[in-house]
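Reviewing the structure listed below.
The values are calculated or read from the model by the stated rules, or taken from the named source; none is laboratory data. Note that the coordinates shown come from a computational prediction; the quantities given were computed from them, not determined experimentally. Backbone-built Cβ (ideal geometry, glycine too); neighbour counts: all protein chains shown.
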Amino acid sequence: MEQRGKVIWVLVVVAALCAATAGVFSLRFLLHKEPKPQAEKQSSSQTEGQTPPTVVEPNHMDQGIALIKKEELRLAETLIKDFPGDENPLVIMGEVCRSHGNAVEALKFYKRALKINPMRPDVYAIMGELSAKEGKFAESIAHLQKVLDMQPQTPNVHGRIGELFMKLGDLDKATESFEEEVQIVPSADGYFLIGQSYLMQKESEKAKENYEAAIKIDPKHAKAHYGLATVYAKLGDQDRAKRHFETCRKLKAEAREDLIAARTMNDDIIQARKNSAVGYIKAGQMYRSDGKLRKAEELLQHAARLDPENVGCLLELASLYRQINQPSEVREMHAKIGQLELKHADNCIIFGNLSANLGLLDDAEGAYRNAITLAPRKSVAYRKLARLYLITKKQLPQARQLAEKAVELEATAANYSILSRACVMNGDGAAGMKAIKRAVELEPRNREYQRYYDLIRRMN
């Protein structure tokens, strides 16, 4: 799997940046933790017992959450001791403090982490949310802008900045930020917020256009229906206004019923376990990078027991088991991942790589196609699927189309290399030569590209 270690860390950052604190574009982070591993390490064969979370009686709920907090604090302290000079334990400790309600102490650890490594967009995003909670909106925007300086295409950040500009009363900048957001990830929430900003600027037609775009993506977007009801009322179309208002009312009633049905006594502790699992995943990654593979396995197994549906954890375990040559465990992890819904393109790509390595080519093809559906503006899934078709000599014309799309999205050496091979295998040696020449120009030190370039030149 290419750049496996970096990808898993990126998944945590992306997941973090796609959730979090206020509003539709909140930036919730996955840096929360929980119980430390059992004193006696379980063998790999025991990993299959990913038992579901234990049901906790209401009178034991607070006690259970208190234990989780105690154990995740102990884990963070251990990481700081075992990895001096590494910013990651400090970030984890910051998240522990933040999840325990101690934002002041959390901020100290985040600042210490940034002194070691200032190139941490996830930390700046968290600090942005802390500033926003304190009402320091301009300061929050400054932190979030640093995220964009490092990762301009990060989802949800432009949208969050737009919300903050709305709070500051700068509707022009808010609208601009929302429009930049939907260029990265077109979403119902994004178009709804653009509609809101135009409505506040008394531009009813533009507001209507964006509310309708939101409903086209999500017909059950209650707020967009309410926005349309408001616009049509302003435009004097009372029939349409009433129709959208009634739709909004029904959708909100359904949402309340769903929320009541979904709530259980166990919600708090289940969420605490899920949050805590992320800390153990990160700890496992750190020990793995340090060569302490059995310790990493122990921590990752514990994370999987805390949250059996955490795809990132299962992917990390599968990769670890490949590294220590335990194929039966790799297949077991693959089977468990295959039963879960893969909601993020990066997860789909890693699962596709895993499937391909196991020779499960249909699974690999499905995973890459799912990644394209989830992130149609990312080139990597197009390249991966094209490469799979070239290896299997299956659907060669489509392989070329996929490679051409990858180059269109990102003109990288890797994409040109795959395009070259696709052209050659479709009988177009001239186009293949042109593509591999461009790959060599972009990465002149890449020996693989140079060898392929020499091969095609001799063939022609």
Please return the ranges of helices (runs of 4 or more DSSP H) entirely within segment 103-188 where 2 or more residues are out of contact with any His (no Cβ under 9 Å at 6 or more places or on another chain) and within 24 Å of GLU87 (Cβ to Cβ).
103-116, 121-133, 137-150, 157-168
Could you list, in sequence order, the residues of segment 352-362 that are over 21 Å from the mean Cα position of the chain (by Cα) and without any contact (Cβ under 8 Å) to a residue 60 or more places away in the chain?
ALA356, LEU358, GLY359, LEU360, LEU361, ASP362
Looking at (1) under 30 Å from the mean Cα position of the chain (by Cα); (2) over 21 Å from GLU365 (Cα atoms); (3) surrounded by fewer than 16 Cβ atoms within 10 Å (Cβ to Cβ); (4) among the polar types (S, T, N, Q), which is the only condition THR412 fails?
(3)
Residues of segment 88-109 classified as more than 26 Å from ILE269 (Cβ to Cβ) and within 21 Å of the chain's Cα centre (by Cα), total:
1
Within segment 292-299, is there a residue that is surrounded by 23 or more Cβ atoms within 10 Å (Cβ to Cβ), of a type in the set (Lys, Arg), modelled with pLDDT of 95 or more and touching a helix residue (DSSP H, G or I) at 6+ places or on another chain (Cβ under 8 Å)?
no
Selected residue (only one of LYS208, LYS250, LYS223 is of a type in the set (D, E, K, R) and either surrounded by fewer than 17 Cβ atoms within 10 Å (Cβ to Cβ) or in contact (Cβ under 8 Å) with a residue 40 or more places away in the chain (or both))
LYS250
Do any residues in segment 85-101 that are under 14 Å from LEU75 (Cα atoms) and of a type in the set (S, T, N, Q) have Cβ atoms under 9 Å from those of residues that are outside any helix (DSSP H, G or I) and at pLDDT 95 or above, where the two are at least six apart or on different chains, and which pairs are they?
ASN88/ASN117
Of the residues ALA375, ALA345, ALA335, which is of a type in the set (Gly, Ala, Ser), under 16 Å from the mean Cα position of the chain (by Cα) and surrounded by fewer than 19 Cβ atoms within 10 Å (Cβ to Cβ)?
ALA375
Residue in segment 259-269 that is out of contact with any Phe, Trp or Tyr (no Cβ under 7 Å at 6 or more places or on another chain) and closer than 24 Å to LEU193 by Cα present:
yes
From the residues in segment 348-381 that are touching a Leu at 6+ places or on another chain (Cβ under 9 Å) and hydroxyl-bearing (Ser, Thr, Tyr), which one is farthest from LEU402 (Cα to Cα)?
SER355
All positions within segment 229-247 that are of a type in the set (Asp, Glu) and crowded, with 20+ Cβ neighbours inside 10 Å
none
Residues located in segment 367-382, provided they are out of contact with any Asp or Glu (no Cβ under 7 Å at 6 or more places or on another chain), in contact (Cβ under 8 Å) with a residue 12 or more places away in the chain and of a type outside the set (Phe, Trp, Tyr):
ALA367, ARG369, ASN370, ALA371, ILE372, LEU374, ALA375, ARG377, LYS378, VAL380, ALA381
The listed residue being loosely packed, with under 15 Cβ neighbours inside 10 Å, at pLDDT below 50 and more than 30 Å from ALA188 (Cβ to Cβ), out of PRO58, PRO84, PRO37
PRO58
Look through VAL147, VAL157 and report the one residue that is touching a Ser or Thr at 6+ places or on another chain (Cβ under 7 Å) and closer than 23 Å to ARG377 by Cα.
VAL147
When residues of segment 296-310 are limited to those that are without any contact (Cβ under 8 Å) to a residue 40 or more places away in the chain and not acidic (Asp, Glu), the one farthest from TYR280 (Cα to Cα):
ASN310
When you look at LYS384, is it in contact with a Phe, Trp or Tyr (Cβ under 6 Å, 6 or more places away or on another chain) and closer than 29 Å to GLN153 by Cα, yes or no?
yes
ARG421 being within 28 Å of ILE436 (Cα to Cα), among the basic types (Lys, Arg), in contact (Cβ under 8 Å) with a residue 24 or more places away in the chain and surrounded by fewer than 24 Cβ atoms within 10 Å (Cβ to Cβ):
yes
Within segment 135-168, work out how many residues are surrounded by 24 or more Cβ atoms within 10 Å (Cβ to Cβ), within 18 Å of MET200 (Cβ to Cβ) and among the aliphatic types (A, V, I, L, M).
2
Suppose we keep only residues that are buried (at least 21 other Cβ atoms within 10 Å of the Cβ) and free of Cβ contacts under 8 Å to residues at least 60 places away in the same chain within segment 315-329. Which one would you say is farthest from the chain's Cα centre (by Cα)?
LEU320
With respect to ILE194, determine if the residue is within 24 Å of the chain's Cα centre (by Cα), buried (at least 21 other Cβ atoms within 10 Å of the Cβ) and more than 23 Å from HIS143 (Cβ to Cβ).
yes
